[in-house]
1. Per residue of the stretch 69-82, in order, report the coupling 6.51 cos²θ - 1.76 cosθ + 1.60 (Karplus, θ = phi - 60°) as ³J(HN,Hα) in whole Hz, putting x for Gly and Pro.
2. By per-residue mean of other Cβ atoms within 10 Å, what is the highest-first order of 98-107, 59-68?
3. Sorting check: for 44-53, 120-129, which peptide has the highest mean count of neighbouring beta carbons within 10 Å, and how do the rest follow?
4. List the residues of the stretch 58-74 whose backbone N lies under 14 Å from a point placed 7 Å from the Cα of A103 along the Cα-to-Cβ direction.
5. Under 5 Å between amide H atoms, partner at least 5 residues away or on a different chain: which partners does D46 have, H built in plane at 1.01 Å?
6. Plugging the Kirkwood radius over Cα pairs into Stokes-Einstein for the stretch 40-154, at a temperature of 37 °C and a viscosity of 0.692 mPa s, what D comes out in µm²/s?
7. Check F134: other-chain or 5+ apart residues with amide H under 5 Å from its amide H, H built from backbone geometry?
Amino acid sequence: MNVRRSIAAAVVVLAVPALSSCGVSFGAQTDQVYNPSVGVDDRSGDVDVLNALIVSGTNGSGTVVATLVDNDQQNADTLKGVAGAGADASATVKVTGDTTIPAGGVLNLADGSGISIRGKRVVPGNFVTLTFSFDRAEAITLGVPVVSASNPDYAGVKVPPAS
């Protein structure tokens, strides 16, 4: 009987650490669904374009939203423009508001700057090819997703009225 108890005790001692690390959830972040953004990032140049997307209130129009980060710690940069590219070259883009990216700083295009876009492919679910051009940094072209303004995450974004 002592041999059986010793084996049973050994199994319990070995099983406890293995079982305690599996299947037990204490609400850790790794157990939670986490979707950091639907936008796209480009970190290839002197200015990073982060979480770029288009919020559309009506098919054919929307607002371009992104965060621009100036990696140059000495010199500010300026967003010169945003334009459709490739299949989206016919899109009309209008930039208003502050376009200065401070040296080593950020410009959030959802705060104060207004970039409206009109084009046939500006429809939620599509990707629109945009080129961001700067005064100092090289231009960046990327495919930007279009999302619906009806999504509560984008409730604060002003979208152009229907044309």
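Please treat every number below as a calculation from the coordinates, not as lab data. Since the model is a prediction, treat every value here as computed from it, not as a measurement. Note: ideal-geometry Cβ built from the backbone for every residue, glycine included; neighbour counts use all protein chains shown.
1. Per-residue couplings from phi come out as 10, 7, 7, 7, 7, 9, 10, 6, 10, 9, 6, 7, x, 10 Hz.
2. Listed from highest to lowest mean packing, they are 59-68, 98-107.
3. Numbers: 44-53: 19.3, 120-129: 17.8.
Going by the mean number of other Cβ atoms within 10 Å, highest first, we get 44-53, 120-129.
4. Those under the cut-off are 70-74.
5. E138
6. Value of D from the Cα-based Kirkwood radius: 236 µm²/s.
7. HN-HN under 5 Å from F134: K80, A139.
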